[in-house]
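Take a look at the structure below.
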Amino acid sequence: MTTAGLTVARQASSQPTQRAYRYAVYFAPNVEQQWWADASQWLGRCAVSQQLNVQPLIAGVSAKRFAELTEHPRRYGFHATMRAPFVLTSQYQPTDLIDRVNMLCRDVKPFVLPRLQVTLMDQFLALVPERHPAQVTLLEEQCVKVLNDCAEPLGPEELSRRRSAGLSAQEDALLLRWGYPYVLERYRFHCSLTGSLAKASPKEVSALTQAAHQHFDHLPPCVFDALAIFVEPTRGADFVLLQQCPLIGGA
């Protein structure tokens, strides 16, 4: 990963940005830090360089099987969702979205996340804070509400796809209002490490869990110091980290 590439990721470009198919606002570790490198290695792809990485070897799980079980989060890049992927309305330009996200960052100070723990969450492995910090709750709410008018309303096809997961009445109402069912009171900060493990064997789940502990438990505290804008350049393409907008509250 080049220094030039990192600079582009951290700083807003003064040049017009080409419109992508979808945009998302995530937490992602500072791309210059060990958290980003190690997480990208685990997933097998860096969302900045867009290069594939050699994943760790896991006893009891073949390299091919590990790649299959991490295929879903690999496409999105290492992150925690703050505003789920959306189509940018025609009345806004990508630079308008960048400006809006930077505005959200002006009043929030960087903070250290509580220890991220490897957790089996709804049949997939994720890193979850040992307690939910108030700063995350505030930022997630702002990302959902302040950026809502930037998003095109969901079409019938996407609504049907989301509802096929078997949403509760509350989640369905959130989906209709905010375009995603797991927001606000249904939000849970997490960084996915695998896709669904529903069809994985107990031995595979155990091996993956142990390997995740070995891979992540030694890392220093993870700092939340920016909101990251990711893009899906074309429909179905891998997500790319476009911009990390620094939290500058108190600067």
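The values are calculated or read from the model by the stated rules, or taken from the named source; none is laboratory data. Quick caveat: nothing in here was measured; it's all calculated off a predicted structure. Neighbour counts are summed over all protein chains in view; Cβ atoms, including those assigned to glycine, are modelled from backbone coordinates with ideal geometry.
Tell me which of these Leu159 doesn't satisfy, since it passes every other one: (1) touching a strand residue (DSSP E or B) at 6+ places or on another chain (Cβ under 6 Å); (2) surrounded by 14 or more Cβ atoms within 10 Å (Cβ to Cβ).
Here Leu159 clears every test but (1).
Looking at this structure, is Lys199 among the charged types (D, E, K, R), surrounded by fewer than 13 Cβ atoms within 10 Å (Cβ to Cβ), out of contact with any Leu (no Cβ under 8 Å at 6 or more places or on another chain) and without any contact (Cβ under 8 Å) to a residue 12 or more places away in the chain?
yes
When you go through Leu104, Leu113 one by one, which is the residue that is out of contact with any Gly (no Cβ under 9 Å at 6 or more places or on another chain), more than 30 Å from Gln214 (Cα to Cα) and buried (at least 19 other Cβ atoms within 10 Å of the Cβ)?
Every option except Leu104 fails the conditions.
Which ones in segment 58-88 are without any contact (Cβ under 8 Å) to a residue 12 or more places away in the chain and either within 18 Å of the chain's Cα centre (by Cα) or not in a helix (DSSP H, G or I) (or both)?
Ser62
Within segment 175-217, can you find the residues that are hydrophobic (A, V, I, L, M, F, W, C), at pLDDT below 95 and within 19 Å of Leu138 (Cα to Cα)?
Scanning segment 175-217 gives no hits.
Run down Gln55, Gln91 and say which single residue is more than 20 Å from the chain's Cα centre (by Cα), part of a loop (DSSP other than H, G, I, E, B) and without any contact (Cβ under 8 Å) to a residue 24 or more places away in the chain.
Testing whether each residue is more than 20 Å from the chain's Cα centre (by Cα), part of a loop (DSSP other than H, G, I, E, B) and without any contact (Cβ under 8 Å) to a residue 24 or more places away in the chain leaves just Gln91.
For residues in segment 1-40 being hydroxyl-bearing (Ser, Thr, Tyr) and at pLDDT 95 or above, which is farthest from Leu247 (Cα to Cα)?
Taking the candidates together, the pick is Tyr21.
List every residue pair whose Cβ atoms lie under 8 Å apart, where the two residues are 6 or more positions apart in sequence or sit on different chains, the first residue falls within segment 227-251 and is buried (at least 18 other Cβ atoms within 10 Å of the Cβ), and the second residue, located anywhere, is among the β-branched types (Val, Ile, Thr) and part of a loop (DSSP other than H, G, I, E, B).
Correct list of pairs: Val240/Val48; Leu241/Val31; Leu241/Val48; Leu242/Thr17; Gln244/Val31; Leu247/Val108.
Identify, by number, the condition in (1) loosely packed, with under 13 Cβ neighbours inside 10 Å; (2) modelled with pLDDT under 95 that Pro133 doesn't meet.
Condition not satisfied by Pro133: (1).
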